[in-house]
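Data first, discussion second: the structure below is written as structure tokens.
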Amino acid sequence: MMFKNNYRMSLNALRASRWRSFLTMLGVIIGVVAVVTVISIGEGIKQSITTEAESLGPSVVTVLPGPQVEDREDIGQTLNPFASVGHSLTERDVEYIQGIDGDIEVVPFVRGSGVVSTNEVEMPGAKVIVTEGDVPLVLNREVRFGTWHENNSESGRSFVVIGSNVANELFNELSPIGRSMTIGDQSFTVRGVFAEFPRSPLPFMSIDYNNAVFVSREAGVALSNNGNTIFQILAHGSDSVSASELSSSIKNALADGRGNSDFAVLKRSDMINMYRGILNVLTLGIAAIAAISLFVGGIGIMNIMFVSVSERTSEIGIRKAIGATNGQILSQFITEAAVLSLLGGVFGILGSLLVNYFIRLFTPIEPVIVPELMIGAVIIALMIGVIFGAVPAIRAARKDPIEALRYRI
Amino acid sequence: MKNIIELRDVSKLYGFGDATTVAVEEVSLRVKKGEFVAVMGPSGSGKSTLMNLIGLLDRPTQGTYLLQGKNVARFSKWRQARYRRDRLGFVFQSFHLLPSMTALENVALPLAYRGITQTRRLTQAGNALERVGLADREFFYPKQLSGGQLQRVAIARAIVNNPEVIIADEPTGNLDSAASRLVMELLSDLHTSGHTVLMVTHNPELTRYASRVIYMHDGVIIADEDSDIGSVPTLAKKMYFRARKTEDDDLAGVSALMDAVPQKDSNNKTKKKPVKKRRTKSKTKKPKSRSTSK
Ligand SMILES: Nc1ncnc2c1ncn2[C@@H]1O[C@H](COP(=O)(O)OP(=O)(O)OP(=O)(O)O)[C@@H](O)[C@H]1O
Ligand SMILES: [Mg+2]
């Protein structure tokens, strides 16, 4: 009851000085936009990484060079294929894994070098992956046009299968199948195009297979100058073997064979958790910095509430004379600060939706505002109002009614 | 009849040490339910301070104050606020309405602090406004109303909670004679309908509406006389011609009062002969145009 009155009164008071209220709110609005946007970007990236990782299929295990690190700071290193300098996987490791009992499809990825081009276009961003085995199976993606190269250099021609971006850039609307392209100075014929891979907006985290050209090992010897440096091994077990069973038997096999632990074996869920871990740390770090602007917004509210309390001294006197208790005056002003801040929070969420719209429009990132984030933002805005409004409200409540009545601006 | 207000040796001091001002000094006063008490006295004599004490806006430095038999001066701030809300109504010289609210909302405000629903608040406030003859001004803002109308809104606000005691500190101080008469008639109506009214005024003419007149000087009640409704009592009559305009005139007002009341203090025997002739012009019931430079 009293709250409803206070709420109505504060809306009136805020409406009475619309511009001032808006400018005060602006501090909270900017703070909420900053925090909500940062967190929604983090959430968006997390979700697309999860989608990406899930696209691998549940029974695929990834082996990476470099030690398995649980420490989050180094996870990025572990997962970053370009950061594995000094650590390597070799053909021997592939053999260790193939030596495990059971039906395991093992696919090693070797980095190839050379600029990808046709007679007309060049695509410097394309990555060459020299590989063997059932790549469509381990990547859980079908070759949409054409076929995967099994017997690769039939009749002396070398075949490649390309990612969808490569197909678009090199051949545009033409059908790529059967056309020729060059990698470095070697020429290849396109035999298939992969269906599009879902891709994370942070390409440095893993390879974007849409930009990849897959070359068979026989045909790609010349492209992989030190052909036995493998940056990633994907292993796909039979359906009867669970991913964790597969990963632990691979771990054992590699540890036995290599005699060291300079490798990482990751299940799909490990990858997802690690990416999420990194992103949580990153997002929270940036959000904490953004939260400083929320604090500044709170100080703005406190400031304006002090002004408002002193301007309305005579109002306070009148209200006390007609029977308002100190508590009622206190809650009136706290409600006012809270409403101000709450409105700032709501506008901030709307503003963040707008910012996110532009982020989607101009970047590959797809920010996601989950309901918890909205509720959290509203609650935090409310709390800021209450906390920063408390001191001015206490000052209002303590005013002496006679002095307040005598007050003239 | 029972005393609704009883003050026993109530004092109010301001400041400390050498700077101490005694605004009210050991005042004892009994007011019966249904009385209309006019309080007169020169500026600075402690009238407003006394009203604030009775209205529970202030606490006495010393003494006992019983309101309806309860020792209210010792109440907590919270209980005092409840008493102000439920039993006391204030009317101020400068109206003290909230500019951001309509007349109706202003009148309804005390009801909000009682937790009454909005529809009932507005109905009751509408009735109160009707009682002061402003039913057609419900949705006017204070800046759209004349001084007399503002004061009638303030009276409506004071009575909306149906308080036992109405305290009016110079309610006509900012009004012209026509508006003053309307306001006084409203207060008189309230008196007739059984409310106890305490009113501070500088205008002796207005004591016509009172059943009793109290005279203050230097924080002390120096005289207290019953008055017939409709006539100006003897002491007030002495001040009749002393409508003042300047500070000098204020002094004249004081001396007129000092002349009028029987002196207890031997120091004050020197009878001043104030320039009575000078004032003959203002024999007409001229409203006070006191400059409120406090
Ligand atoms: N807050 C205060 N601090 C110090 N002195 C005060 C305070 N309030 C009132 N006084 C003093 O108390 C005395 C009585 O003041 P009060 O306002 O009651 O006079 P008054 O009779 O109402 O005068 P007026 O007719 O001008 O309204 C004055 O001398 C005044 O200076
Ligand atoms: Mg006064």
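The values are calculated or read from the model by the stated rules, or taken from the named source; none is laboratory data. Because the structure is a prediction, the values reported are computed rather than measured. A quick note on method: Cβ atoms are made from the backbone with ideal geometry, for glycine too, and the neighbour counts reach across all protein chains shown.
Condition first: surrounded by 22 or more Cβ atoms within 10 Å (Cβ to Cβ), within 16 Å of ligand 2 (Cβ to nearest atom) and either over 21 Å from B:ILE4 (Cβ atoms) or of a type outside the set (Ser, Thr, Tyr) (or both). Can you find one or more residues in the range B:115-138 that meet it?
no
What single numbered condition from (1) more than 30 Å from B:GLU164 (Cβ to Cβ); (2) within 14 Å of chain B (Cβ to nearest Cβ); (3) at pLDDT 95 or above fails to hold for A:GLU336?
With (1) more than 30 Å from B:GLU164 (Cβ to Cβ); (2) within 14 Å of chain B (Cβ to nearest Cβ); (3) at pLDDT 95 or above applied to A:GLU336, the lone miss is (3).
In the range B:163-177, what residues are of a type outside the set (D, E, K, R), surrounded by fewer than 23 Cβ atoms within 10 Å (Cβ to Cβ) and within 12 Å of ligand 2 (Cβ to nearest atom)?
Matches in the range B:163-177: B:GLY173 only.
Quick check on this structure: which one of B:VAL39, B:VAL91, B:VAL31 is within 30 Å of B:SER231 (Cα to Cα), within 16 Å of ligand 2 (Cβ to nearest atom) and more than 14 Å from chain A (Cβ to nearest Cβ)?
B:VAL39
Is it the case that some residue within the range A:358-367 is within 28 Å of the chain's Cα centre (by Cα) and of a type in the set (Lys, Arg)?
yes
Being among the β-branched types (Val, Ile, Thr), within 12 Å of another protein chain (Cβ to nearest Cβ) and crowded, with 23+ Cβ neighbours inside 10 Å is the filter here, so list the residues in the range A:307-328 that pass it.
Selection gives A:ILE316, A:ILE318, A:ILE322.
Across the range B:192-216, what is the number of residues that are in a strand (DSSP E or B) and surrounded by 20 or more Cβ atoms within 10 Å (Cβ to Cβ)?
Residues in the range B:192-216 being in a strand (DSSP E or B) and surrounded by 20 or more Cβ atoms within 10 Å (Cβ to Cβ): 9 in total.
Here are the criteria: (1) within 14 Å of chain A (Cβ to nearest Cβ); (2) among the charged types (D, E, K, R); (3) more than 28 Å from B:ALA210 (Cβ to Cβ). Tell me which single one B:ARG74 does not satisfy.
(1)
Could you say whether any residue in the range B:45-53 is away from every other protein chain (no Cβ under 14 Å) and within 16 Å of ligand 2 (Cβ to nearest atom)?
yes
Would you point out which residue out of A:ILE394, A:ILE379 is surrounded by fewer than 16 Cβ atoms within 10 Å (Cβ to Cβ), away from chain B (no Cβ under 13 Å) and closer than 30 Å to B:ASP58 by Cα?
After ruling out the rest, the residue left standing is A:ILE394.
Answer with yes or no whether A:GLY277 is assigned by TED's automatic domain parsing to the domain that holds A:GLY99 and of a type outside the set (D, E, K, R).
no
Which of the residues that make up the range B:134-189 are more than 14 Å from chain A (Cβ to nearest Cβ), more than 16 Å from ligand 1 (Cβ to nearest atom) and not in a helix (DSSP H, G or I)?
B:LEU134, B:GLU138, B:PHE139, B:PHE140, B:LEU145, B:SER146, B:ASP176
Can you find, within the range B:65-105, the residue that is nearest to ligand 1 (Cβ to nearest atom) among those that are in contact with a Pro (Cβ under 8 Å, 6 or more places away or on another chain) and not hydrophobic (A, V, I, L, M, F, W, C)?
B:GLN93
Out of all the residues in the range A:126-147, which are at positive phi and among the charged types (D, E, K, R)?
none
Please pick out the residue among A:ILE365, A:ILE359 that is in a helix (DSSP H, G or I) and farther than 29 Å from A:ARG15 by Cβ.
A:ILE359 is the lone residue from the list that is in a helix (DSSP H, G or I) and farther than 29 Å from A:ARG15 by Cβ.
List pairs: first residue in the range B:155-170 and farther than 22 Å from B:LYS70 by Cα, second residue of a type in the set (D, E, K, R) and within 16 Å of ligand 1 (Cβ to nearest atom) anywhere in the structure, Cβ distance under 8 angstrom, at least six positions apart or on different chains.
Pairs found: B:ASP169/B:LYS47.
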